[in-house]
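The values are calculated or read from the model by the stated rules, or taken from the named source; none is laboratory data. If you're wondering where the values come from, they're calculated on a predicted model, not measured in any experiment. Neighbour counts are summed over all protein chains in view; Cβ atoms, including those assigned to glycine, are modelled from backbone coordinates with ideal geometry.
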2 protein chains.
Amino acid sequence: MLREFRVREILDATCRVVASHGFQGATVERVAEEAEIAKGTVYLYFQNKDELFTAAVEQGIQNFTGQVRTQVAEALTPIEKLQRLIEVSLELSDTYRDFFKTLLLERNFLAASPNHPEAAHMLDLYLAHIHFIEEIIQDGVRVGVFRPHNVEASAFVLNEAIRGCFQQRALGLTARPVSEDAGILLDLFFNGVLNQHQNHEEPVS
Amino acid sequence: MLREFRVREILDATCRVVASHGFQGATVERVAEEAEIAKGTVYLYFQNKDELFTAAVEQGIQNFTGQVRTQVAEALTPIEKLQRLIEVSLELSDTYRDFFKTLLLERNFLAASPNHPEAAHMLDLYLAHIHFIEEIIQDGVRVGVFRPHNVEASAFVLNEAIRGCFQQRALGLTARPVSEDAGILLDLFFNGVLNQHQNHEEPVS
DNA sequence: ATTGTCTGACTGTATAGTCAGTCATATGAC
DNA sequence: GTCATATGACTGACTATACAGTCAGACAAT
């Protein structure tokens, strides 16, 4: 369908514009220019600017979490699933470069604002993804590969750690290949930094 | 000095306005209203809106990292220092509630933008703080309490994990007391999630 | 001729930034 | 002590501009 194609085209253009100009500098006119259409055309597909930007962010989240879920589903054990999760997430950070820059550089969409009742929905998507991670870890605890601990917190921490890697990449602060980042993250999350075989210093706490 | 007092007053008002209205909805007029002065007065202390907002964020970062450094300096061992770091950071998240909401809901200031050459400075402050954490961990590795690993990455991950806790609090997603959050974070960062004494499942990787 | 898609000049509005003028206090002349 | 002058902090009506959103008409395609 032509309509759907146009919508996607405009949303992609929106992501590109926000990625390069920030939300502040992203005007409807610039989006139209980027999509190579007239400003008025944008309003044939979206009610207003807010709807346009909300839709762009939402499409991005849906695409990303959808792909992660699909890939993770192929793995069997909790450990393999987490490996997959981290690897796929980081790989996608290159594919979705523009979108992630958009997402990371602006978090307003998570804040409830008077003219943003859709923000609540965005928050739901975000929480759903964390919950998805939480369940994998919970499984691991049940099976015994992960020790009993506050799973809600560790799911959250893992997600934030991944997010941090995205950011480093978006800001161009690292040259490490994705696979290396994934390995480091996994190792850290699994084993922590403490020297388990130490016999020198004072004990923890 | 009266001038300094006024400047601080305006910056505090800016943080409050941004915290409640977001960067989008934060106008100079609203800031003036919040500070109980006329709009024109703002321009006696700041060249333009950009400078005002940049200064507000910068003041917040400086205050925060300064306090963390002071408190951490009192601790002796790397482990104690990290404990202190996490605890103090989370405690401050209540004190600086408005500022953190401001900071977390908007990351544009980290992105280089044409009319934001100061953004580079902001990035420096951010990186300096991570470097500060990095050195503590590095010390721990040197002494032997922490195992050898990619310290740059773990410093980064720890900072992002703390940031994540801030965000949960700013968005009102958790009711956990700060000290509990600190404990969970510390435990996770030190020990990881893996069951070290397991003898059931497959080995890692 | 009709329909569907698109255009871009136009308008209305919000708000950044200005500036002529007010007020309060300090300094000084007598 | 009283008036005159100066200084500096502050004000808010005003302007200039940028940008969201509109709409009358162009342009295929059938």
When every residue in segment A:49-91 that is within 13 Å of DNA strand D (Cβ to nearest atom) and either closer than 25 Å to A:Q167 by Cα or within 14 Å of chain B (Cβ to nearest Cβ) (or both) is compared, the one surrounded by the most Cβ atoms within 10 Å (Cβ to Cβ) is A:F53
(1) modelled with pLDDT under 90; (2) not in a helix (DSSP H, G or I) all hold for B:I86 apart from (2)
Within segment A:1-60, residues being β-branched (V, I, T) and at pLDDT 90 or above number 9
Those residues of segment B:14-32 which are surrounded by fewer than 21 Cβ atoms within 10 Å (Cβ to Cβ) and within 12 Å of DNA strand D (Cβ to nearest atom) amount to B:Q24, B:T27, B:V28, B:E29, B:A32
Of those in segment B:142-188 that are in contact (Cβ under 8 Å) with a residue 40 or more places away in the chain and of a type in the set (F, W, Y), the residue nearest to the other protein chains (Cβ to nearest Cβ) is B:F146
Review point. Going by the conditions given, is B:R30 within 16 Å of DNA strand C (Cβ to nearest atom), touching a residue at least 40 places away in the same chain (Cβ under 8 Å) and not aliphatic (A, V, I, L, M)?
Key: no
Being assigned to a helix (DSSP H, G or I) and within 16 Å of DNA strand C (Cβ to nearest atom) narrows A:G60, A:G22 down to just A:G22
Taking segment B:123-141 and keeping only residues that are within 9 Å of chain A (Cβ to nearest Cβ) and free of Cβ contacts under 8 Å to residues at least 24 places away in the same chain, one is left with B:L123, B:L127, B:V141
